[in-house]
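The structure appears below as structure tokens.
The values are calculated or read from the model by the stated rules, or taken from the named source; none is laboratory data. Worth saying up front: this structure is predicted, and the values here are computed from it rather than measured. Using ideal geometry, Cβ is built from the backbone for each residue, glycine included, and neighbour counts are taken over all protein chains shown. Side chains included, ligands, DNA and RNA excluded: accessible areas come from the protein's heavy atoms. Shrake-Rupley method; radii C 1.70, N 1.55, O 1.52, S 1.80 Å.
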Amino acid sequence: MDQGIKSRPKYEKLRRDAAGRFHLLLADQAVIPPDTLDHDSPVGAFDECWTIERHSKAIPEADPNARTHGFRSQEHMLIALRHRLAREHMGLRLYAVGTEPFVWAVHGVGDEQGLGHSEMRLNATGSTARRVYCNHCRTISAGVTTSIFQCTGCNASLFVRDHFSRRLNAFAGIQIDAEVPGDVPPAEELYL
Amino acid sequence: MTLGRDIPLRIRAIEALSPSLKRIAFVAADGNPLPGSRPGAHIALTVPGIDGAHRNSYSLVGAHQDRTTYEVIVRRVAQSRGGSAQVHEALRVGDVLSASPPTSQFNLQNKAKKHLLIGGGIGITPFLSFLPVLRERNLAVEMHHFVRPDEVTVFERLLLPHRMPTMRIHAGRAVGIEDILKGQPLGTHLYICGPVGLMQDVEAAAYRLGWPTSNIHQESFGASGGRPFIVELARSGRKLQVGENQSLLEALEAAGLPVRSMCRGGACGECLTQVLAGEPEHRDHFLTAAEKSNGDRIMPCVSRSISPLLTIDI
Amino acid sequence: MPATFKTDETFRGAFNYRNSDEAILRFPFPFTEDSYMYSVNIEPHVRGGPTGAFQAVFDVDEHYVSECRERALVLSQDPNRCIVLPHMLAAEWDTLELIMESLAADYPDHFSLTRDGLQWRWINRPLGIDDTFVFGDPSSLPFPPFEYITRQAQGDFTLQDQREDNLFVDGGMVTTQADWSLEFDVGMSFHEWHGPVPVAHDLGVFDRALQFLLRIQHDHPVRRLNWTMTVNPRLDTSPENYPIWGPDRTTITPENVGEKLHLRVELQTLFRLPRSNAILFGVRAYLASLNELVRVPKWGRRLHRVLRDIHPSLAEYKGLPRYHQCAVNFLSEYDDGAVTSMGIAPDTNTLS
């Protein structure tokens, strides 16, 4: 069902920005699916690539000139990203490929460290499960796949809107039965 | 972009800073508080001359919140068509000139992690209004200004009230720009103002190093001109010259014609005018693609003419 | 200038709110003709307009004291109804200066501002405030500058940073909104925060509006009117508190619609701020019940026609469906089919 909300982010295959000087690519998996990158811009076209290995023994290379680094988790990667960007210089381009919550988490760190919209490119792929921000109790629930779900913070039955906040990295959730308590339609599995 | 209601300014003081630089202080000739300004703003001054009036833009160099005085610094350009020559030779204390209210497209960026100012010669003027504000807000600033060797003393004196350790005046042509730009932290915004050649070189160097357009800011005084053309007013048969630095709207207003306008930026639709002959050059954001290709309408505040003659229904 | 301020009004619970006859006549009725569709209906914000609500830069009316108290109440229960991102500090001072200068100039009996260099003294008699502070030094004020001054003004305010040829809503004081969330929207670009508004995007309204706003110059503010409807004179119709006020929408009956259903008009003003180059967006909310509005015959007729013929998706977006028919039925009694004049002025000095 198209809620008709304009201004959702649009994604396309990542292409290296020829105007940039150094290209850092972040992925939320160990192997980057080739169809998430533009065919003229394979992994080798980027100067450095960070991946998430999802196991506890992964560790980034000690050699700062290494072209690839593996991390244990998103959190582990973002800590390193924050520190790296604080030492970086103008001319950098940051790329992220993975689920929508992952790419916007990367964008958030980039924004905090001074990168502008045109210096970051994102491709959201894979699961479309959503992070949903309950507008009433401010709790963000992750991994929401249905059109209506119960808020993990205040138990309200929330309708999941298509309105997306890049800053909060979440969609808006508003109580579906606020006007007539109990009047909750059946949920549909939409965001898989 | 000007706002149509010029203000009368009286010259309160003229100070020769050097053989080719004069600082001029203006007060309102009508005794009213001057329109508010902001860091980086400029006014367009109409300077009368023997061969007609010249209208040149000058950055305001004083405290931006000063509502009683505006100050500009004018360089006497050797081969000028007349504007700066007039300013230097003909103007006297007490003279009254008309000027546009201050406007600006050259603004300090609130989200910048660092402000990098690179300029040359008379291009220092908008920076003189930036510096006190940057200092007051305790922001990260670096400045490099390139001046002729014989003018180093003059410019050092101009910068004295704003002096900070990250500021350098360089004698001679702009060299080492890449070294200045390299190694700037993420979130640095670059502001460039000076001779055309310097601005182009600095911009080109920044692009070569991968700086994005959104972080590069240049003072071009909102240059909005184009090829001159003739506009014919269908109802009276009058013909007017639209100069290269003048919008069609400004030409009509200068001729005393009452054209409605509001945003003066091609967005609101207020100045919509019918075109009867000729080919408009559309620069607005109001008309649809179909309306633009029909060619029977124009927004005079920003649009011009492709054909040498444009006939409008006024 | 309001003769007296009502000090005991409440905008929640038992609801104690009425407009005096004078307040009704000065109401910014939003419809210039008998039908409604979105437009970029912007005009210069000058002192003076079709009704008294347009007389001042920031209108202060008989509800001023009560509304300021209501704002303080909202903030005490939900502090995140005022958020300003750190890079907007210059815009905070710009706003404080603009509002203080304007209130002191428009209402010298109620407000005064004296300045000795950076040492400022601000007196707000209706709220009993007399503060001396250093302009530019946040520690010299009891609240951060934007919060400090917007606690003393009616209506919501947002701060928009201009960058990348776009506007970003990077701060605001939002306690009297018609159902949008500051906390969710903070940081969004112009098109992003207008995302949920139906129809208008396809009309290109937002593209043009953005181009226009990017060019607003200092000392040349503009304004426009927006509207919706609210059940009960409730100012805080935030999405945050929707679970609390949502049920109000089901309480309208043919017997109470005249008293309970209110037309909510927003007088929106836009100012270019000098130091920050940001845009201050003021959203001043006015409430009047149907009973109050029909006392101006022209308005009764026009409101009936607008609501009767409104585009369904607009009605949906503005939250009208549950009581739409009830309202139209009630208003039809006040529409004799007579011609109504263009423009919003009441065309009368007395009320029926």
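With respect to the numbered conditions (1) part of a helix (DSSP H, G or I); (2) surrounded by 23 or more Cβ atoms within 10 Å (Cβ to Cβ), which one is the sole condition not fulfilled by C:GLU101?
Only one criterion in (1) part of a helix (DSSP H, G or I); (2) surrounded by 23 or more Cβ atoms within 10 Å (Cβ to Cβ) is unmet by C:GLU101, namely (2).
For C:HIS87, all conditions in the list (1) open to solvent by 10 Å² or more (accessible area, probe 1.4 Å); (2) out of contact with any Lys or Arg (no Cβ under 8 Å at 6 or more places or on another chain); (3) within 14 Å of chain B (Cβ to nearest Cβ); (4) of a type outside the set (Val, Ile, Thr) hold save one; what is the number of the exception?
All conditions pass for C:HIS87, except number (2).
Which residues, taken from the range B:57-67, are assigned to a strand (DSSP E or B) and open to solvent by 20 Å² or more (accessible area, probe 1.4 Å)?
The answer is B:SER57, B:TYR58.
Quick one: which residue in B:GLY40, B:GLY120, B:GLY36 is touching a residue at least 40 places away in the same chain (Cβ under 8 Å) and on the phi > 0 side of the Ramachandran plot?
None of the other options fit; the residue is B:GLY40.
The rows are residues; the columns are (1) outside any strand (DSSP E or B); (2) away from chain C (no Cβ under 14 Å); (3) of a type in the set (A, V, I, L, M).
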site	(1), (2), (3)
B:ILE14	no, yes, yes
B:ASP30	yes, yes, no
B:GLY40	yes, no, no
B:THR46	no, yes, no
B:ARG55	no, yes, no
B:VAL77	yes, yes, yes
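Going through A:PRO60, A:PRO9 one at a time, which residue ends up being touching a helix residue (DSSP H, G or I) at 6+ places or on another chain (Cβ under 9 Å), farther than 22 Å from A:LEU85 by Cα and assigned to a loop (DSSP other than H, G, I, E, B)?
So the residue among A:PRO60, A:PRO9 that is touching a helix residue (DSSP H, G or I) at 6+ places or on another chain (Cβ under 9 Å), farther than 22 Å from A:LEU85 by Cα and assigned to a loop (DSSP other than H, G, I, E, B) is A:PRO9.
Enumerate the strands (runs of 3 or more DSSP E) found wholly within the range B:194-296, keeping only those where 3 or more residues are farther than 22 Å from C:GLN211 by Cα.
B:229-233, B:239-242, B:273-277
Can you tell which of C:GLU62, C:GLU92, C:GLU33 is in a helix (DSSP H, G or I) and either open to solvent by 30 Å² or more (accessible area, probe 1.4 Å) or not hydroxyl-bearing (Ser, Thr, Tyr) (or both)?
C:GLU92
Every residue, every condition in (1) outside any strand (DSSP E or B); (2) of a type in the set (A, V, I, L, M); (3) open to solvent by less than 10 Å² (accessible area, probe 1.4 Å); (4) at pLDDT 95 or above, yes or no:
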site: B:GLN105; (1), (2), (3), (4): yes, no, no, no
site: B:GLN109; (1), (2), (3), (4): yes, no, no, yes
site: B:HIS115; (1), (2), (3), (4): no, no, yes, yes
site: B:ILE124; (1), (2), (3), (4): yes, yes, yes, yes
site: B:GLU156; (1), (2), (3), (4): yes, no, no, yes
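If you go through the range C:255-302 one residue at a time, how many are among the hydrophobic types (A, V, I, L, M, F, W, C), under 14 Å from C:ASN232 (Cβ atoms) and in contact with an Asp or Glu (Cβ under 7 Å, 6 or more places away or on another chain)?
Residues flagged as among the hydrophobic types (A, V, I, L, M, F, W, C), under 14 Å from C:ASN232 (Cβ atoms) and in contact with an Asp or Glu (Cβ under 7 Å, 6 or more places away or on another chain) within the range C:255-302 amount to 1.
Have a look at A:HIS136, A:HIS69, A:HIS39 and point out the one that is open to solvent by less than 40 Å² (accessible area, probe 1.4 Å), part of a loop (DSSP other than H, G, I, E, B), farther than 30 Å from B:ASN110 by Cβ and away from chain B (no Cβ under 14 Å).
That would be A:HIS136, the only listed residue that is open to solvent by less than 40 Å² (accessible area, probe 1.4 Å), part of a loop (DSSP other than H, G, I, E, B), farther than 30 Å from B:ASN110 by Cβ and away from chain B (no Cβ under 14 Å).
If I filter the range A:79-99 for residues that are away from chain B (no Cβ under 14 Å), aliphatic (A, V, I, L, M) and more than 30 Å from A:PHE149 (Cα to Cα), do I get at least one hit?
Yes, the range A:79-99 contains at least one residue that is away from chain B (no Cβ under 14 Å), aliphatic (A, V, I, L, M) and more than 30 Å from A:PHE149 (Cα to Cα).
Taking into account only those residues within the range B:245-294 that are among the aliphatic types (A, V, I, L, M) and under 21 Å from C:HIS220 (Cα atoms), which is surrounded by the most Cβ atoms within 10 Å (Cβ to Cβ)?
B:ALA267
Listed residues C:MET229, C:MET188; which is out of contact with any Gly (no Cβ under 6 Å at 6 or more places or on another chain), surrounded by 20 or more Cβ atoms within 10 Å (Cβ to Cβ) and more than 10 Å from chain A (Cβ to nearest Cβ)?
None of the other options fit; the residue is C:MET229.
Is at least one residue of the range A:139-146 outside any helix (DSSP H, G or I), touching a Cys at 6+ places or on another chain (Cβ under 8 Å), modelled with pLDDT of 95 or more and not hydroxyl-bearing (Ser, Thr, Tyr)?
yes
Check whether at least one residue in the range B:130-150 is out of contact with any strand residue (DSSP E or B) (no Cβ under 9 Å at 6 or more places or on another chain), open to solvent by less than 70 Å² (accessible area, probe 1.4 Å) and within 14 Å of chain A (Cβ to nearest Cβ), and report yes or no.
Among the residues of the range B:130-150, not one is out of contact with any strand residue (DSSP E or B) (no Cβ under 9 Å at 6 or more places or on another chain), open to solvent by less than 70 Å² (accessible area, probe 1.4 Å) and within 14 Å of chain A (Cβ to nearest Cβ), which makes the answer no.
Identify, from the list C:ALA288, C:ALA278, C:ALA338, the residue that is open to solvent by 30 Å² or more (accessible area, probe 1.4 Å) and touching a residue at least 24 places away in the same chain (Cβ under 8 Å).
C:ALA338
Residues checked against (1) part of a strand (DSSP E or B); (2) surrounded by 22 or more Cβ atoms within 10 Å (Cβ to Cβ):
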{"site": "A:GLY126", "(1), (2)": "no, no"}
{"site": "A:GLY153", "(1), (2)": "no, no"}
{"site": "A:PHE159", "(1), (2)": "yes, no"}
{"site": "A:PHE164", "(1), (2)": "yes, yes"}
{"site": "A:GLU179", "(1), (2)": "no, no"}
{"site": "A:VAL184", "(1), (2)": "no, no"}
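Would you confirm, using the coordinates I've provided, whether C:ARG121 is within 14 Å of another protein chain (Cβ to nearest Cβ), part of a strand (DSSP E or B), at negative phi and open to solvent by 50 Å² or more (accessible area, probe 1.4 Å)?
no
Under 9 Å between Cβ atoms, which residue pairs at least 6 apart in sequence (or on different chains) link something in the range C:292-315 that is part of a loop (DSSP other than H, G, I, E, B) with a partner that is β-branched (Val, Ile, Thr) and surrounded by 19 or more Cβ atoms within 10 Å (Cβ to Cβ)?
Matching pairs, first to second residue: C:ARG295/C:ILE24; C:VAL296/C:ILE24.
Report, by residue number, each residue of the range C:242-261 that is outside any loop (DSSP other than H, G, I, E, B), touching a residue at least 24 places away in the same chain (Cβ under 8 Å) and either in contact with a strand residue (DSSP E or B) (Cβ under 7 Å, 6 or more places away or on another chain) or hydroxyl-bearing (Ser, Thr, Tyr) (or both).
Across the range C:242-261, the qualifying residues are C:TYR242, C:ARG249, C:THR250, C:GLY258, C:GLU259, C:LYS260, C:LEU261.
Table: residues versus (1) touching a residue at least 12 places away in the same chain (Cβ under 8 Å); (2) small (Gly, Ala, Ser); (3) in contact with a helix residue (DSSP H, G or I) (Cβ under 6 Å, 6 or more places away or on another chain).
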position: C:SER20; (1), (2), (3): yes, yes, no
position: C:ARG26; (1), (2), (3): yes, no, yes
position: C:TYR38; (1), (2), (3): yes, no, yes
position: C:ASN41; (1), (2), (3): yes, no, no
position: C:SER66; (1), (2), (3): yes, yes, no
position: C:GLU92; (1), (2), (3): yes, no, yes
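Can you find a residue in the range C:138-160 that is under 24 Å from B:ASN138 (Cβ atoms), facing another protein chain (nearest Cβ under 9 Å) and buried (at least 23 other Cβ atoms within 10 Å of the Cβ)?
No, there is no match, as no residue in the range C:138-160 is under 24 Å from B:ASN138 (Cβ atoms), facing another protein chain (nearest Cβ under 9 Å) and buried (at least 23 other Cβ atoms within 10 Å of the Cβ).
Checking the conditions here, which among B:GLY269, B:GLY243, B:GLY210 is farther than 26 Å from B:HIS54 by Cβ, under 25 Å from the mean Cα position of the chain (by Cα) and of a type in the set (Gly, Ala, Ser)?
Only one candidate qualifies: B:GLY269.
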